[in-house]
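Below is one structure, written out as structure tokens, with a few remarks after it.
Read-outs: derived from the displayed coordinates by stated rules, not from any lab. Keep in mind that what you see is a predicted model, and the values were worked out from it rather than measured. As a convention, Cβ positions derive from the backbone with ideal geometry for all residues, glycine included, and neighbour counts pool all protein chains shown.
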Amino acid sequence: NAGVTQTPKFRVLKTGQSMTLLCAQDMNHEYMYWYRQDPGMGLRLIHYSVGEGTTAKGEVPDGYNVSRLKKQNFLLGLESAAPSQTSVYFCASSSTRDRPFYEQYFGPGTRLTVT
Amino acid sequence: SQQGEEDPQALSIQEGENATMNCSYKTSINNLQWYRQNSGRGLVHLILIRSNEREKHSGRLRVTLDTSKKSSSLLITASRAADTASYFCATAPLSNDYKLSFGAGTTVTVRA
């Protein structure tokens, strides 16, 4: 099992450009999450999904959109990148089999720089 | 908003010593989890303690939870160079318990 994978690993964007980050998991997990990690701030939840076709806003959703068309994939989109979106982005997943003690499994991260 | 706050922010110890870090949180929880992050990597789950548990062990890890004080501690005994990492506590709320709230982390450096 690959677990949680993220594509790409690194990306540099110019202000105003758009991009999509892809997260894939092969553990058949129902729940998936996108976080951003900034120095000294820990992880902040951007959006999450509790199942295929469903998404919800987290703590810092502005400037991001998500889609979960397939259970194993969770996409994070930046429509018009801003320097404030320079960060490391992590995807995670968890299983309802662990309810109510949900352990999260993380991908390796995507380092995004917006100039 | 972040629920958990770790203390200290950074810790430097000699190999073989114990490392202790603390986590405080604000609202009632279903459980509390600790994760480790090696430099440039994703987070890895270490241990989960339920709200009705006071202490839990896993190998060289010992976690305590005091719900009356809304605090937890993580003890790593007989530390090794491989324990050099950042450690994060994460709290699960009573409702929507799948949504974890992470603290800012404690960076631990183990000197050889």
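Relative to the compact-globule scaling 2.2 N^0.38 Å, provide the ratio for the alpha-carbon radius of gyration of chain B. Kindly include the intermediate steps, with their values, before the conclusion.
Numbers: Rg = 13.3 Å, N = 112, 2.2 N^0.38 = 13.2 Å.
With N residues counted in chain B, Rg over 2.2 N^0.38 Å equals 1.01.
Within a 10 angstrom radius of each residue's Cβ in B:89-98, how many Cβ atoms of other chains show up on average? Whole number is fine. Walk me through the numbers on the way to the answer.
Working: counts 1, 4, 0, 4, 0, 1, 1, 3, 4, 14.
Mean partner shielding for this stretch: 3.
Annotation: the antiparallel percentage among DSSP beta bridges lying fully within chain A is about 90.
For peptide A:40-52, the mean count of partner chain Cβ atoms within 10 Å of a residue's Cβ comes to 4.
Restricted to Cα atoms, chain A shows a radius of gyration and a Dmax of 13.5, 42 angstrom. Residue exposure proxy: A:26, B:7, B:83, ordered by other Cβ atoms within 10 angstrom of their Cβ from fewest to most, comes out as A:26, B:7, B:83. Other residues whose C-beta falls under 13 angstrom from the C-beta of residue A:65 contribute a net charge of 0, scoring Lys and Arg +1 and Asp and Glu -1.
Here the contact order of chain B, divided by its residue count and restricted to Cα pairs under 8 Å and six or more residues apart, works out to 39 percent. Summarising the label geometry, the points placed 7 Å from Cα in the beta-carbon direction at residue B:81 and residue A:79 lie 5.0 nm from one another. Between residue B:50 and residue A:2, what FRET efficiency follows from the Cβ-Cβ distance if R0 is 30 Å, with the result rounded to 0.05? After rounding to 0.05, the efficiency reads 0.50.
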